[in-house]
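Undergrad: Take this structure first; my questions come after.
Readers should treat all values here as calculations from the given coordinates under stated rules, not as data from a laboratory. In this text, all values refer to a predicted model and were calculated from it rather than measured experimentally. Positions of Cβ are generated from backbone atoms using ideal geometry, with glycine treated the same way; all protein chains shown enter the neighbour counts.
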Number of protein chains: 2
Amino acid sequence: MAVETRRSIGVGLIGFGTIGTGVVKVLAQNAAVIEQRLGFPLRLVAIADLDTETDRGVDLTGIRFDADAERLIADPAVDIVIELVGGYEVAKRFILAAVAAGKPVVTANKALLALHGKEIFAAAEGAGVDVAFEAAVGGGIPILRSLREGLSANHIDSVMGILNGTTNYVLTQMEETEEDFEVVLKRAQELGYAEADPTFDVDGIDAAHKLALLTAMAFGAELTYEGIPTEGIRNLTPIDFELAREFGYRIKLLGIAKCHREDGGERIEARVHPTMVPAGSMLANVDAAMNAIEVRGDAVGPTLYYGAGAGEMPTASAVVADLIEISREIQRGSAGAVAPLSYLPHHLVPKPLVGLDELAGRFYLRFTAADEPGVLARIAGALGDQGVGIESVVQKGGQDSKAAVPIIVLTHRADEAALVRALAQVDELKDVKAPTVVVRIEEEA
Amino acid sequence: MAVETRRSIGVGLIGFGTIGTGVVKVLAQNAAVIEQRLGFPLRLVAIADLDTETDRGVDLTGIRFDADAERLIADPAVDIVIELVGGYEVAKRFILAAVAAGKPVVTANKALLALHGKEIFAAAEGAGVDVAFEAAVGGGIPILRSLREGLSANHIDSVMGILNGTTNYVLTQMEETEEDFEVVLKRAQELGYAEADPTFDVDGIDAAHKLALLTAMAFGAELTYEGIPTEGIRNLTPIDFELAREFGYRIKLLGIAKCHREDGGERIEARVHPTMVPAGSMLANVDAAMNAIEVRGDAVGPTLYYGAGAGEMPTASAVVADLIEISREIQRGSAGAVAPLSYLPHHLVPKPLVGLDELAGRFYLRFTAADEPGVLARIAGALGDQGVGIESVVQKGGQDSKAAVPIIVLTHRADEAALVRALAQVDELKDVKAPTVVVRIEEEA
């Protein structure tokens with residue numbers, strides 16, 4: 001190996017919240033092993049954050065800390081800029097400023113990259129600098145490196161995973177305690193597993209951001225976030241978990257992307273929704289706030305990557321891994337040779353999304369109906385009219401005959417378009433008291 | 001990115017068996033995606049194998065194929081040499097010849113690297129060329145890249161995994177069919193899951209080779225294979241799987257390595273043996289011929305990597321990933337900046353092994369004893385004498401009172417040294433008819 005001696009690499013950190021604090025800790029506590037791998041030290045020279053008052057409980061000796069991000073970016077002692085402010089506008093401005101100053105950037109900002117990645121990666125390519133973002137998907141799990149480098153010999157067939165720790169925590173808790181969504185969410189917020197505004201997590205938006213990045217990297221598709229069908233977990237109730245278990249499944253919020261090779265080229269299936277996976281599968285056994293991503297390649301077959309998908313230290317682990325990789329590139333006097341989205345930029349081509357209405361599968365359906373004679377027959381009739389075959393039915397009788405009761409149906413394989421038509425018909429029945437809850441079944445997880 | 005245009009990289013393959021055939025297939029079927037990631041094609045220019053007769057069912061148009069490995073290595077059209085002949089002497093000679101000719105090498109040869117890696121990596125470093133070996137551990141799973149790059153910010157605390165597909169297949173089958181080891185092994189051989197001489201697999205030697213490589217990379221320890229305590233799976237019987245399940249475990253052949261940080265420096269615990277892991281753990285759910293490796297880092301916490309640990313196409317996936325990475329380096333005019341064993345060579349220092357007799361844990365013990373009054377008391381007495389506490393006992397009564405019966409004991413946490421003394425005492429009892437079978441319990445898997 002051609003290891004030249006370099007005194008050190010200077011790192012500047014913008015955004016001194018939880019993850020930023022983790023980065024400071026990792027750089028301090030693992031300075032020795034990092035240098036033994038890299039050949040020279042990483043030196044944190046400056047931190048910028050609007051909040052310069054809060055004590056983060058870390059030693060900042062020798063590190064300049066103020067609110068001036070622009071000064072940090074311009075500082076000649078800063079070789080690499082870490083962006084951890086989150087959000088869109090400000091974060092994007094800092095990243096583009098760093099890139100324009102010829103400085104590589106490490107970020108964990110999946111929302112920004114999913115929506116504005118095209119512009120950011122184009123700017124980085126133009127300036128010949130790296131924008132690294134391992135921490136943006138799967139927290140500490142080296143999933144992006146694996147997809148980009150470990151599986152680089154493969155045509156990737158599918159990527160499917162538990163991409164959001166908050167929702168997996170809530171689902172696991174609902175399953176365990178048989179409590180309602182709102183109760184579990186409140187506790188998750190108290191424990192710090194969910195944010196005060198949980199929308200991004202529980203509605204699947206965060207998972208969709210991550211899936212957008214994975215989809216581009218897996219299939220060489222131009223980065224697209226808009227148009228990914230996204231459903232969250234708010235409609236699930238304890239009975240769904242109970243029935244899932246009876247049928248041999250567990251419920252997970254999955255991001256799923258598959259490549260459809262067709263005559264006219266490739267199209268991409270991408271979607272985020274609660275999913276029943278076979279109880280014995282690897283994904284089914286991913287509990288609490290952990291994440292796991294399954295990647296199938298034509299040569300390697302199924303592979304899976306598991307670990308903490310969020311949190312101070314796991315996410316910092318990924319940020320610092322990117323710092324180390326970029327430091328090697330700086331040492332060698334070049335930007336990285338591996339394209340950020342795995343395919344060289346001009347090979348990232350628009351690939352149309354496959355609509356949900358073109359897919360088929362098995363479905364778990366929970367109807368909320370009046371406990372009256374003939375209801376089941378009418379529901380079954382609507383399904384039958386559209387060619388949706390019923391595999392199992394469970395009707396939970398209510399004690400109070402006036403109350404609405406759940407009727408659960410497991411379908412045979414059916415077209416999603418037919419299901420949508422059948423459910424529209426069901427929703428018009430006067431005995432049916434609430435919209436039907438649908439959980440898709442993924443047998444191959 | 002500074003992507004220069006290079007016409008192509010020439011690849012030479014030595015060893016045209018199963019994996020070699022897989023490499024030819026992957027390079028052909030995925031030529032387009034590889035080029036879209038790399039920017040130029042990988043071109044297989046020559047194959048050398050003593051068997052030039054067998055039809056491997058792949059198209060060799062434009063590829064020179066003969067028995068002359070030395071000519072292949074010397075061929076100026078060959079930029080990278082793949083060594084897939086296996087074994088020690090010949091493989092080592094080819095690798096060193098390629099390195100001496102300034103050509104990087106890709107190999108899947110864990111046995112050779114575990115035993116002669118020091119010499120080979122030193123030669124490669126001296127010549128300034130890469131020796132890549134992702135395929136040597138975990139087949140298609142990108143575990144080495146993950147350990148070396150994805151987790152580079154971590155002090156690695158432990159590595160633990162199912163490193164051998166053959167034994168995992170046999171164990172899973174024994175569990176499912178309740179058949180004896182010999183019966184299942186024979187079927188595995190017929191199905192191609194086990195080799196005619198299964199010693200390397202079923203006695204844990206192959207797993208120990210892989211663990212040696214993982215241990216060096218995880219902990220910055222000088223590569224050592226000798227001295228890793230290694231036990232295989234020959235002594236297990238159906239009753240062990242039945243009891244494991246009753247106690248809430250599954251039995252897996254694990255390679256386990258942990259870093260002990262002590263006052264005088266670091267010592268390494270490394271061992272291969274059948275292990276009981278909690279039934280709900282990720283490792284417990286790895287079935288059939290699949291592999292999985294769990295890596296714990298101080299920042300990232302537990303992570304796990306799962307996939308096919310062997311086989312034509314999965315292993316070829318890893319070989320070709322290495323080709324792609326090395327091709328990037330050749331294009332940039334340098335050898336790789338990442339040290340093959342993760343730590344820069346002068347930071348790979350000898351770290352003494354922790355002896356099994358220094359460890360403590362819980363144990364599953366199966367005694368084979370005459371079905372006579374007082375036997376259990378004498379066994380329990382021997383354990384008690386040495387301070388090995390009993391948590392559960394199961395005695396399976398035989399129909400024939402003369403026959404030996406199994407007595408199963410689950411211990412409390414105990415020193416392995418005390419257990420060894422107790423078992424020596426037990427083995428001397430005249431009622432005890434066979435050596436005690438010990439399965440260690442790993443709660444943290």
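Undergrad: Less than 18 Å apart at the alpha-carbon level, and either on another chain or at least 8 residues along: which aspartates and glutamates does that give for B:Lys186?
TA: B:Glu175, B:Glu176, B:Glu178, B:Glu195, B:Asp197, B:Asp201, B:Asp203
Undergrad: How large is the convex hull of the Cα atoms of chain A per residue, expressed in Å³ as a whole number?
TA: Cα convex hull per residue, to the nearest whole number: 153 Å³.
Undergrad: About its Cα centre, what dipole magnitude does chain A give when the only charges are +1 on Lys and Arg Cβ and -1 on Asp and Glu Cβ, stated in debye to the nearest 20?
TA: Result for chain A is approximately 840 debye, rounded to the nearest 20.
Undergrad: If the label for A:Arg7 sits 7 angstrom from Cα along the Cα-to-Cβ line, what are its distances to the same label in every other copy, in nm to one decimal, shortest first?
TA: Nearest first, the other copies' label points are 4.5 nm away.
Undergrad: Still on this structure, I have one more. Can you give me the distance in nm between label points at A:Glu226 and A:Ala417, each placed 7 Å from the Cα along the Cα-to-Cβ direction?
TA: The two pseudo-label positions are separated by 2.4 nm.
Undergrad: Continuing with this model, one more query. Which distances, in nm and shortest first, link the A:Thr61 label point to the same label point in every other copy, taking 7 Å along Cα→Cβ?
TA: 7.0
Undergrad: Another one. For A:Val319, what is the net charge nearby, where nearby means another residue's Cβ is under 12 Å from its Cβ and Lys, Arg count +1, Asp, Glu -1?
TA: -4
Undergrad: Given A:Lys25/A:Lys92; A:Lys118/A:Lys210; B:Lys110/B:Lys351; B:Lys258/B:Lys351; A:Lys258/A:Lys351, which pairs have Cα atoms separated by over 18 Å?
TA: A:Lys25/A:Lys92; B:Lys110/B:Lys351
Undergrad: Still on this structure, I have one more. Shape call for the protein assembly as shown from the C-alpha gyration tensor, a ≥ b ≥ c root eigenvalues: rounded (a/c under 1.5), prolate (a/b greater than b/c) or oblate?
TA: In terms of gyration-tensor shape, rounded.
Undergrad: Before anything else, pin down the relative contact order of region A:359-441: Cα pairs under 8 Å, at least 6 apart, normalised by residue count, whole percent.
TA: 49
Undergrad: Sticking with this structure for a sec: Sequence gap at least 6, Cα distance under 8 Å: using those rules, report the relative contact order of chain A to the nearest whole percent.
TA: Across chain A, relative contact order equals 16 percent.
Undergrad: Still on this structure: Answer with one residue from A:Met313, A:Gly387, A:Gly374: the one whose Cα lies farthest towards the positive end of the charge dipole of region A:313-445, charges on Cβ with Lys, Arg +1 and Asp, Glu -1.
TA: Farthest along the dipole direction, towards plus: A:Met313.
Undergrad: A further question on this structure: Restricting to Cα atoms and excluding each atom paired with itself, what does the Kirkwood estimate give for region A:209-294 in Å?
TA: 14.4
Undergrad: Determine the relative contact order of region B:143-308: mean sequence separation of Cα pairs under 8 Å and six or more apart, normalised by residue count, in whole percent.
TA: After rounding, I find 34 percent.
Undergrad: Projected onto the charge dipole of region B:75-176 (+1 at Lys/Arg Cβ, -1 at Asp/Glu Cβ, origin at the Cα centre), which of B:Gly87, B:Gly128, B:Ala114 gives the Cα projection farthest towards the positive end?
TA: The Cα lying farthest towards the positive end belongs to B:Gly128.
Undergrad: Nearest 20 debye, what's the magnitude of the dipole of region B:203-335 about its Cα centre given +1 on Lys and Arg Cβ and -1 on Asp and Glu Cβ?
TA: So the dipole magnitude of region B:203-335 works out to roughly 220 debye.
Undergrad: Working from the alpha-carbon coordinates of region B:143-308, get Rg over Rh, Rh being the Kirkwood radius.
TA: With Rg and the Kirkwood Rh in hand, the quotient comes to 0.99.
Undergrad: Where the centre of each part is set by its Cα atoms, how far does region A:321-357 sit from region A:1-66, in angstrom?
TA: Using only Cα atoms to place each centre, the spacing works out to 24 Å.
Undergrad: List the aspartates and glutamates whose alpha-carbon lies under 15 Å from that of B:Lys103, not counting same-chain residues fewer than 8 positions away?
TA: B:Glu70, B:Asp75, B:Asp79, B:Glu83, B:Glu125, B:Asp130, B:Asp322, B:Glu325, B:Glu329
Undergrad: A further question on this structure: In terms of modelled amide H atoms, which long-range or inter-chain residues lie less than 5 Å from the amide H of B:Ala414?
TA: Amide H to amide H, under 5 Å and 5 or more residues apart or across chains, B:Ala414 pairs with B:Gly361, B:Arg362.
Undergrad: As a test, work out the antiparallel percent of DSSP beta bridges whose residues both lie in chain B, rounded to the nearest 5.
TA: Among the beta bridges of chain B, antiparallel pairing accounts for roughly 70 percent.
Undergrad: For region B:11-120, which chymotrypsin sites (Phe, Trp or Tyr not before Pro) pass both filters: DSSP loop (anything but H, G, I, E, B) and at most 13 other C-beta atoms within 10 Å?
TA: Counting only loop positions with at most 13 other Cβ atoms within 10 Å, the chymotrypsin sites (Phe, Trp or Tyr not before Pro) in region B:11-120 are B:Tyr88.
Undergrad: Still on this model: Considering amide H positions built from the backbone, and no H for Pro or chain starts, which residues 5 or more places from B:Ile47, or on another chain, come under 5 Å of its amide H?
TA: Answer set, sorted by chain and number: B:Leu13, B:Arg64, B:Phe65, B:Asp66.
Undergrad: Could you tell me which residue out of A:Phe219, A:Gly248, A:Val202 lies farthest along the dipole of region A:146-274 toward its positive end? Charges go on the beta carbon: Lys and Arg +1, Asp and Glu -1, centred on the Cα centre.
TA: A:Phe219
Undergrad: Every other copy gets compared here: list the nm distances from the A:Ala288 label point (7 Å along Cα to Cβ) to its counterparts, shortest first, one decimal.
TA: 3.1
Undergrad: Give the span of region A:29-183's Cα atoms along each principal axis, as three whole-Å numbers ordered largest to smallest.
TA: The Cα atoms of region A:29-183 stretch 54, 44, 37 Å along the principal axes, largest first.
Undergrad: What does the charge count around A:His273 come to, taking other residues whose C-beta lies under 9 Å from its C-beta (Lys +1, Arg +1, Asp -1, Glu -1)?
TA: Counting the neighbours of A:His273, the net charge comes to +1.
Undergrad: Hey, got the dipole for the protein assembly as shown? About the Cα centre, +1 on K and R Cβ, -1 on D and E Cβ, debye to the nearest 20?
TA: 1160
Undergrad: So, one more: A:Val432's amide H: which non-local residues (gap 5+, or another chain) put their own amide H closer than 5 Å, with H modeled 1.01 Å from N in plane and none for Pro or chain starts?
TA: A:Ala370
Undergrad: Could I ask something else about it? Could you compute Rg(Cα) / (2.2 N^0.38 Å) for region B:358-441, with N its residue count?
TA: For region B:358-441, the normalised Cα radius of gyration is 1.02.
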